[in-house]
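Asker: Quick one: this structure, given as structure tokens, is what I'll be asking you about.
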Amino acid sequence: MTITHEHPTEVLNLIGPDVCAVLIQDVRKDWPELTDDMGRRGVSQMVAFLATSATSATTDDPLTPSLRVDLFWHRFLKRTVPYLAFSRALGVDCIHHIPDDSEGGVDPEAGWTAMRTTTAAITAAGFTVDAEFWPGTGAADCSQCHAGCTDSPVNK
């Protein structure tokens with residue numbers, strides 16, 4: 001069953017406080033100085049990215065998370081039951097994580113373009129972009145287009 005969300009707050013509420021707390025605890029394993037406030041903001045930015053990636057009609061270009069957002073996404077992927085429930089609530093079977101394992105090095109211009117495209121799409125979807133999670137440096141080496149069919153243009 002597809003659930004239609006008319007406001008970003010509805011999408012943010014798809015991850016309850018218990019799952020949010022677990023994700024923050026999981027991310028702290030890699031980011032020990034993460035505060036509860038930053039953790040909640042990180043979950044919020046991850047949700048905004050994933051919801052935009054799964055449902056975006058504003059761009060056909062690949063969307064890519066920032067390194068910080070990707071850290072939260074990796075931890076959410078390991079929690080398969082709530083992750084799949086979240087994906088399905090957005091109307092997709094699964095929001096796939098598609099790493100780019102190609103060799104050849106980093107293309108900084110492609111990375112900047114992907115980050116600008118992603119933050120513009122998140123804003124167009126009605127979400128707020130938190131600059132501390134989208135610092136303009138370092139795109140992750142994976143992406144998710146609305147159809148789940150693309151690799152990130154940026155390698156680490």
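Asker: Among the listed residues D60, D93, D26, D36, identify the single one that is at pLDDT 95 or above and either open to solvent by 70 Å² or more (accessible area, probe 1.4 Å) or of a type in the set (S, T, Y) (or both).
Answerer: D36
Asker: Here is a follow-up. Can you tell me which residue within segment 35-64, out of those that are of a type in the set (S, T, N, Q) and touching a helix residue (DSSP H, G or I) at 6+ places or on another chain (Cβ under 7 Å), is farthest from G111 (Cα to Cα)?
Answerer: Per the stated criteria, the residue is S44.
Asker: Moving to a separate point now. Out of the residues in segment 63-79 that are in contact (Cβ under 8 Å) with a residue 24 or more places away in the chain, open to solvent by 10 Å² or more (accessible area, probe 1.4 Å) and hydrophobic (A, V, I, L, M, F, W, C), which is nearest to V92 (Cα to Cα)?
Answerer: If we take residues in segment 63-79 being in contact (Cβ under 8 Å) with a residue 24 or more places away in the chain, open to solvent by 10 Å² or more (accessible area, probe 1.4 Å) and hydrophobic (A, V, I, L, M, F, W, C), then L71 is nearest to V92 (Cα to Cα).
The values are calculated or read from the model by the stated rules, or taken from the named source; none is laboratory data. Keep in mind it's a predicted model, so treat the numbers as computed, not measured. Neighbour counts are summed over all protein chains in view; Cβ atoms, including those assigned to glycine, are modelled from backbone coordinates with ideal geometry. Keep in mind that these areas ignore ligands, DNA and RNA; they rest on the heavy atoms of the full protein, side chains included. Shrake-Rupley method; radii C 1.70, N 1.55, O 1.52, S 1.80 Å.
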